[in-house]
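Participant: A single structure is presented below for examination.
The values are calculated or read from the model by the stated rules, or taken from the named source; none is laboratory data. Quick caveat: nothing in here was measured; it's all calculated off a predicted structure. Reconstructed Cβ throughout: ideal geometry from the backbone, glycine too, with neighbour counts over all protein chains shown. These area figures cover heavy atoms from the full protein model, side chains too; ligands, DNA and RNA do not enter into them. Shrake-Rupley method; radii C 1.70, N 1.55, O 1.52, S 1.80 Å.
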Amino acid sequence: MTNPSTSTAGGGAAAEAHLESGRLGRASLVSLSLASFFPAVGIALVPLLVFSTAGANAWQASLLSTIAVICVGRAVTAFARRYVATGSLYSYIGEVFGPWARYLTAAALLAGFIAAIGALAAVVGIFAGSFLLTHGVDNALSFGPQLAIFLLALTLAAAIAYRGLDTSVWIAVTLAVLSFPLVLVITIASAAKTGLDLAHQFSLSEFSLSGTLQGMAVGAAFLVGFESCTALAAETRNPRRNVPLAVMSVPVLLGGLFPLVTILQVPGLQAASAELDAGMSAPAALALHAGLGSGVATASDLVLAVATFAALIGFVNYGARFAMTLADDGVLPAPLGRIHPRHHSPFVSIAVMSLAGLVLATALVFVAGDVVSAYYTVAPLVVYLWVLPYVLITIGAIVLTVRARENRPFLIGASVVGAVATAWMYLNGVINPPPSPADSMSWVVLIVLAVLLVVFAITKRRQPPSTGVEVSPRPAVQVEEV
C-alpha cells in the first residue's frame with residue numbers, strides 16, 4: 001500500500017491530479033523511451049563514430065560509456081522512486097539543493113530539449129537528403145531542400161504529439177520497430193562476411209587512453225537525455241515503479257547493445273574504409289561490402305530517416321511537457337502551460353518547442369552551408385547542455401542518501417562514477433576540441449545558460465502580485481512505502 005505526501009519542488013499539481021489516473025502503462029512508457037533513442041540509428045552510427053576515435057578497441061570505449069550512463073541512471077532512479085514530478089531532473093534537484101539548482105537545471109534542460117529537437121531534425125534531413133541524392137536530387141543536402149524536410153518532419157511530429165500520448169506512443173514505437181530489422185541484418189551480414197577478428201579487437205597492443213576516453217564521450221552522446229521519460233511521470237500509471245524501469249531501459253538495453261554491435265561492425269568498417277572515405281554512410285558501406293546490393297544500401301538511408309523521425313516524436317513530447325512544467329511554476333510565460341481539453345496535450349508548448357527546433361536547425365544549415373556540417377555543430381551542444389543536470393543529480397543522490405542515513409554504498413559509488421564521467425564529456429570538448437565551428441560550443445553553452453536565466457528572472461518578476469496567500473511552486477508528489 002502507498003501513501004502520498006507532498007514536498008516542495010516544481011511540477012506536482014499535475015502529478016497529484018494524475019497520480020491515480022495516469023494513462024501510460026509500463027509497456028507503453030518503456031516502449032516510448034526506447035523508441036525515442038532511435039535504436040536503428042544508434043546501431044548504424046555508434047560503432048563508426050567510436051571506431052573513428054578509439055580504433056580497433058572501440059568496444060571498450062562503448063562499454064565504458066554505457067557503464068557511465070548506467071551510473072547516472074542509478075542516481076536518477078534514487079529520486080524517481082521517491083517523487084512523482086513532471087519537471088524531471090528540474091523537480092528532483094530542488095529536493096536537495098533548493099531554487100538555485102532548479103533554475104540552473106531548468107535552463108540547461110530547456111535548451112537541451114530545443115537542441116535535441118533541432119539535432120534530430122538535422123539527422124532526419126541527413127538521411128532523407130542522402131536518399132534523395134541517390135534519386136537524382138543533387139542539392140538535397142543544401143539549404144532549400146533541407147528547409148522543406150525540416151518543415152515536414154517537425155510539422156508531422158508536432159501534429160502527432162498534439163493528438164496525445166497514446167497516438168505518439170503507437171506511431172513512434174511502430175516506426176522504431178519497422179526500422180530496426182534492416183540495420184540488424186546489415187550488421188550480421190557484415191560480421192558473417194568479414195569475421196569478428198576478436199584477437200585484434202581484444203588485444204591491448206593498440207590501446208590508447210586518450211582515444212578510448214574520446215570514444216567514451218562519443219558513445220555517451222547517443223544516450224544523453226535517457227531520463228527524459230520522467231517528464232511523463234504524472235501521466236503514467238504506478239509511476240514510482242514504472243518510471244525507474246523506463247529510465248534504466250535505455251542505458252541497460254540500448255547501451256548494452258552498442259558494445260556488441262561495435263564488435264560485430266568494426267572488421268567491416270575497416271574493410272569498407274574506401275567507401276566510408278568517399279562519403280558513403282556506414283550502413284550503406286557495410287551493406288555493399290557484405291554483398292547485400294545497392295538496393296539495400298539505398299533503402300538503409302530511408303529506414304534511418306524514419307527511425308530518427310520516431311525519436312523526434314518522443315522528444316517533442318518530452319520537451320513540451322518540460323516547458324509546460326516551467327510555465328506552471330512561473331518560470332516561463334503562462335500560455336505554455338495550456339492543456340488541450342480533448343487530447344490532454346500541452347499544445348502551446350508543442351508548437352513553441354517544435355518551432356524553436358525548426359529555427360535552430362534551419363539557422364545552422366544556413367550558416368554551415370549543408371546539413372551534415374550543421375549536425376556536427378549542434379551535436380556537441382546537446383551533450384554539453386546535459387552535463388550540468390547530470391553532475392547535479394549524481395551529487396544530489398549522494399546528499400539524499402546521506403540525509404536519509406541510508407547505507408547504500410553501491411548508489412554512492414555509482415553516483416561518483418557518473419559525476420566524474422559526465423564532467424569529462426565537457427572537459428574533453430575543451431581539452432580536445434572538435435573541428436570548427438563545433439569547437440565553439442563549449443563556451444556557447446555558457447552564454448545560452450546565462451540568457452535563459454535572465455529570461456527566467458524577468459518572467460518571475462512579471463508575475464502578478466500575491467493576493468495575500470503565499471503560493472509556493474507546485475510540489476512534487478512523494479510516494480513512500482507504508
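Participant: Just to be sure I understand the filter: pairs with C-beta atoms under 7 Å, separated by 6 or more residues or on different chains, first member in the stretch 314-342 and in contact (Cβ under 8 Å) with a residue 12 or more places away in the chain and open to solvent by less than 10 Å² (accessible area, probe 1.4 Å), second member in a loop (DSSP other than H, G, I, E, B) and of a type in the set (A, V, I, L, M). Which pairs pass?
Facilitator: A323/L332; L326/L332
Participant: Inside the stretch 172-282, counting only helices (runs of 4 or more DSSP H) that do not spill past its ends, which hold 3 or more residues that are over 22 Å from the mean Cα position of the chain (by Cα)?
Facilitator: 198-201, 209-221, 255-271, 273-277
Participant: Right, something else. Looking at A356, A299, can you tell me which residue is open to solvent by 20 Å² or more (accessible area, probe 1.4 Å), small (G, A, S) and under 20 Å from the mean Cα position of the chain (by Cα)?
Facilitator: Answer to the selection: A356.
Participant: Then there is this: Does the stretch 115-130 contain any residue that is of a type in the set (V, I, T), open to solvent by 60 Å² or more (accessible area, probe 1.4 Å) and at pLDDT 80 or above?
Facilitator: No: zero hits.
Participant: Still on this model: Using beta carbons and a limit of 7 Å, which pairs, at least six apart or on different chains, have the first residue in the stretch 138-165 and under 16 Å from R321 (Cα atoms) and the second one charged (D, E, K, R) and crowded, with 16+ Cβ neighbours inside 10 Å?
Facilitator: Taking only residues 6 or more apart or on different chains, the pairs are L165/E235.
Participant: Being within 25 Å of L223 (Cβ to Cβ) and among the polar types (S, T, N, Q) narrows it down to one of T394, T459, so name that one.
Facilitator: Residue meeting the stated conditions: T394.
Participant: Which residues, counting only those in the stretch 343-353, are open to solvent by less than 50 Å² (accessible area, probe 1.4 Å) and in a loop (DSSP other than H, G, I, E, B)?
Facilitator: H343, S345, P346
Participant: How many of the residues making up the stretch 213-243 are acidic (D, E) and open to solvent by less than 10 Å² (accessible area, probe 1.4 Å)?
Facilitator: 1
Participant: List pairs: first in the stretch 98-111 and within 15 Å of V387 (Cβ to Cβ) and of a type outside the set (S, T, Y), second modelled with pLDDT of 95 or more and open to solvent by less than 10 Å² (accessible area, probe 1.4 Å), Cβ under 9 Å, 6+ apart or cross-chain?
Facilitator: Taking only residues 6 or more apart or on different chains, not a single pair turns up.
Participant: Looking only at the stretch 265-276, which residues are more than 21 Å from F131 (Cβ to Cβ) and open to solvent by 40 Å² or more (accessible area, probe 1.4 Å)?
Facilitator: Passing the criteria: Q270, A271, S273, A274.
Participant: Specify the residue that is nearest to P251 (Cα to Cα); the eligible residues are those in the stretch 74-95 that are in a helix (DSSP H, G or I) and open to solvent by 10 Å² or more (accessible area, probe 1.4 Å).
Facilitator: Among those that are in a helix (DSSP H, G or I) and open to solvent by 10 Å² or more (accessible area, probe 1.4 Å), it is R74.
Participant: Further question on the same structure: So, A58, is that one buried (at least 24 other Cβ atoms within 10 Å of the Cβ), farther than 22 Å from A172 by Cβ and not hydroxyl-bearing (S, T, Y) or not? Reasoning before the result, please.
Facilitator: Working: buried (at least 24 other Cβ atoms within 10 Å of the Cβ): yes; farther than 22 Å from A172 by Cβ: yes; not hydroxyl-bearing (S, T, Y): yes.
Spelling it out, A58 is indeed buried (at least 24 other Cβ atoms within 10 Å of the Cβ), farther than 22 Å from A172 by Cβ and not hydroxyl-bearing (S, T, Y).
Participant: Can you find even one residue in the stretch 179-192 that is farther than 19 Å from Q270 by Cα, open to solvent by 10 Å² or more (accessible area, probe 1.4 Å) and in contact (Cβ under 8 Å) with a residue 60 or more places away in the chain?
Facilitator: So far as the stretch 179-192 goes, yes, one or more of its residues are farther than 19 Å from Q270 by Cα, open to solvent by 10 Å² or more (accessible area, probe 1.4 Å) and in contact (Cβ under 8 Å) with a residue 60 or more places away in the chain.
Participant: Could you please give the count of residues in the stretch 139-152 that are open to solvent by 10 Å² or more (accessible area, probe 1.4 Å) and either out of contact with any helix residue (DSSP H, G or I) (no Cβ under 9 Å at 6 or more places or on another chain) or part of a helix (DSSP H, G or I) (or both)?
Facilitator: 8
Participant: Out of (1) assigned to a helix (DSSP H, G or I); (2) surrounded by 14 or more Cβ atoms within 10 Å (Cβ to Cβ), the odd one out for P434 is which?
Facilitator: (1)
Participant: Working carefully through the options V387, V444, find the one that is modelled with pLDDT of 90 or more, outside any loop (DSSP other than H, G, I, E, B) and farther than 19 Å from I93 by Cβ.
Facilitator: V444
Participant: Continuing with this model, one more query. For the stretch 200-212, check the following and say yes or no: at least one residue is aliphatic (A, V, I, L, M) and either modelled with pLDDT of 80 or more or open to solvent by less than 60 Å² (accessible area, probe 1.4 Å) (or both).
Facilitator: no
Participant: Oh, and also: Which members of the stretch 287-296 meet the condition of being in a helix (DSSP H, G or I) and open to solvent by 50 Å² or more (accessible area, probe 1.4 Å)?
Facilitator: L288, H289, S294, G295
Participant: Scan the stretch 159-166 and give yes if some residue there is in a helix (DSSP H, G or I), open to solvent by 40 Å² or more (accessible area, probe 1.4 Å) and closer than 22 Å to N242 by Cβ, otherwise no. Let's see the steps before the verdict.
Facilitator: Here is the first cut: in the stretch 159-166, the ones in a helix (DSSP H, G or I) are 159-162, 165-166.
If we keep only those that are open to solvent by 40 Å² or more (accessible area, probe 1.4 Å) as well, we get 159, 162, 166.
Okay, now just the ones that are also closer than 22 Å to N242 by Cβ, so 166.
Yes: one or more hits.
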